[in-house]
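The values are calculated or read from the model by the stated rules, or taken from the named source; none is laboratory data. Quick caveat, the model's predicted, so the values are computed rather than measured. Positions of Cβ are generated from backbone atoms using ideal geometry, with glycine treated the same way; all protein chains shown enter the neighbour counts. Side chains included, ligands, DNA and RNA excluded: accessible areas come from the protein's heavy atoms. Shrake-Rupley method; radii C 1.70, N 1.55, O 1.52, S 1.80 Å.
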Amino acid sequence: MTYSLQNDQCRVQVNSHGAELASLQRRDLGDLEYLWQADPAQWGRHAPLLFPIVGRLPEDSYLYNGKAYKLPQHGFARDQEFQLIHEEKTQLVFQLMASPASKAVFPFEFELRVIYELHGTTLTVGWKVRNPAAAPHELLFSIGAHPAFRCPLLPGEAFEDYYFAFDHPVQLQRHLLQGGLRTGETQPVPLANSNTELPLTGELFADDALVFSHYDFTRLTLRSRRSERAVRMSFPGFPYLGLWTKSAQAGFVCIEPWQGVASAVGAPGELADKEGIIVLPPSMEFHTAYTIEAL
């Protein structure tokens, strides 16, 4: 099922499958679509939710209390049917809970809620993860966003006309990847305009996604040198960030704030030892949010 939020400026559509954002349009700009429309010839998703892991595991496997489990890259939530539990003019709330099928690959009780709120041209996406288990059973998880934006946004523009704009000068060190796993090495990323811009090129993503940690900004804007249209994401409190596209010809670029990160190269290890894992005590709740502005 697809559900909608709209006001005089924007229209948002969300699929119950994966609780996935499927459309973000500016109604006042002729229904200009900002979100990638999941062309399967390039990449058949819009904005998948990454849960209960972010990134890849060695051999797509992990251990919990010594027992081996299998989980694909980015987990299973993006391929599950969520239940709509609340709907009003400005808000949609979806829920996914643990099931016998989920416990076969992820042996934890959990309640995951995804909250969409639209105000003006800003969409807030909130996550609430609750551990409903009794003591002493902790919930171990990571969670992340993977929205893809059309790039270019307007006819006559090219991918290379776009850049990521920072609010202040930054220095970026990307984590190098091997088969989707972190190698432990980093590499500086060249910036422009006094270290306030990251120009988009196909070569920038030749070695997979750009993955960052320990950065000192909480907002990033995808801008064009040929128009005023832009997308701004704010993600305070997110320790990891990914930037990715399939190629300069794909027609999209992803801005991915994460509460978690891919595992390091090596053998499968205990989930509790995986970098970025959140440990949630019984009856406790974790919540965070990010925003997307369609400028």
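Every residue, every condition in (1) part of a loop (DSSP other than H, G, I, E, B); (2) of a type in the set (Phe, Trp, Tyr); (3) open to solvent by less than 50 Å² (accessible area, probe 1.4 Å), yes or no:
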{"site": "Ala133", "(1), (2), (3)": "yes, no, yes"}
{"site": "Glu157", "(1), (2), (3)": "yes, no, yes"}
{"site": "Glu160", "(1), (2), (3)": "no, no, no"}
{"site": "Tyr163", "(1), (2), (3)": "no, yes, yes"}
{"site": "Val170", "(1), (2), (3)": "yes, no, yes"}
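Considering the stretch 62-88, and only residues there that are small (Gly, Ala, Ser) and surrounded by 14 or more Cβ atoms within 10 Å (Cβ to Cβ), the residue that is nearest to Met1 (Cα to Cα) turns out to be Ala77. Quick check, is Val93 touching a strand residue (DSSP E or B) at 6+ places or on another chain (Cβ under 7 Å), under 22 Å from Leu222 (Cβ atoms) and in a strand (DSSP E or B)? No: the conditions fail for Val93. Number of residues in the stretch 182-209 that are part of a strand (DSSP E or B) and either under 26 Å from Gly266 (Cα atoms) or in contact with a helix residue (DSSP H, G or I) (Cβ under 7 Å, 6 or more places away or on another chain) (or both) equals 7.
Yes or no: Ala272 touching a helix residue (DSSP H, G or I) at 6+ places or on another chain (Cβ under 6 Å) and not in a strand (DSSP E or B)? Judged against the criteria, Ala272 is not a match. Only residues that are of a type in the set (A, V, I, L, M) and under 17 Å from Trp244 (Cβ atoms) were counted in the stretch 156-174, giving 1. One residue alone among Phe238, Phe217, Phe212 is among the aromatic types (Phe, Trp, Tyr) and not in a loop (DSSP other than H, G, I, E, B), and that residue is Phe212.
Within the bounds of the stretch 114-132, is there any residue that is farther than 27 Å from Ala22 by Cβ and in contact with a strand residue (DSSP E or B) (Cβ under 6 Å, 6 or more places away or on another chain)? Within the stretch 114-132, one or more residues are farther than 27 Å from Ala22 by Cβ and in contact with a strand residue (DSSP E or B) (Cβ under 6 Å, 6 or more places away or on another chain).
Considering the stretch 280-290, and only residues there that are over 20 Å from Leu198 (Cβ atoms) and in contact with a Phe, Trp or Tyr (Cβ under 9 Å, 6 or more places away or on another chain), the residue that is surrounded by the fewest Cβ atoms within 10 Å (Cβ to Cβ) turns out to be His287.
Restricting the first member to the stretch 264-275 and to residues that are more than 15 Å from Leu71 (Cα to Cα), and the second to residues that are of a type in the set (Lys, Arg) and open to solvent by 70 Å² or more (accessible area, probe 1.4 Å), no beta-carbon pair is closer than 9 Å while six or more apart or on different chains.
Trp244 meets all of the listed conditions (1) open to solvent by less than 40 Å² (accessible area, probe 1.4 Å); (2) within 26 Å of Gln73 (Cβ to Cβ); (3) among the aromatic types (Phe, Trp, Tyr) but one, namely (1). Looking across the stretch 111-131, the residues that are within 20 Å of Pro236 (Cβ to Cβ), open to solvent by less than 30 Å² (accessible area, probe 1.4 Å) and of a type outside the set (Gly, Ala, Ser) come down to Val114, Ile115, Tyr116, Leu118, Thr121, Leu123, Val125, Trp127, Val129. Close contacts from the stretch 163-186, counting a first residue that is under 23 Å from Tyr62 (Cβ atoms) and a second that is among the β-branched types (Val, Ile, Thr) and open to solvent by 20 Å² or more (accessible area, probe 1.4 Å), with Cβ to Cβ under 6 Å and a gap of 6+ residues or different chains, come to His175/Thr186; Leu176/Thr183; Gln178/Val265; Leu181/Val265; Thr183/Val265.
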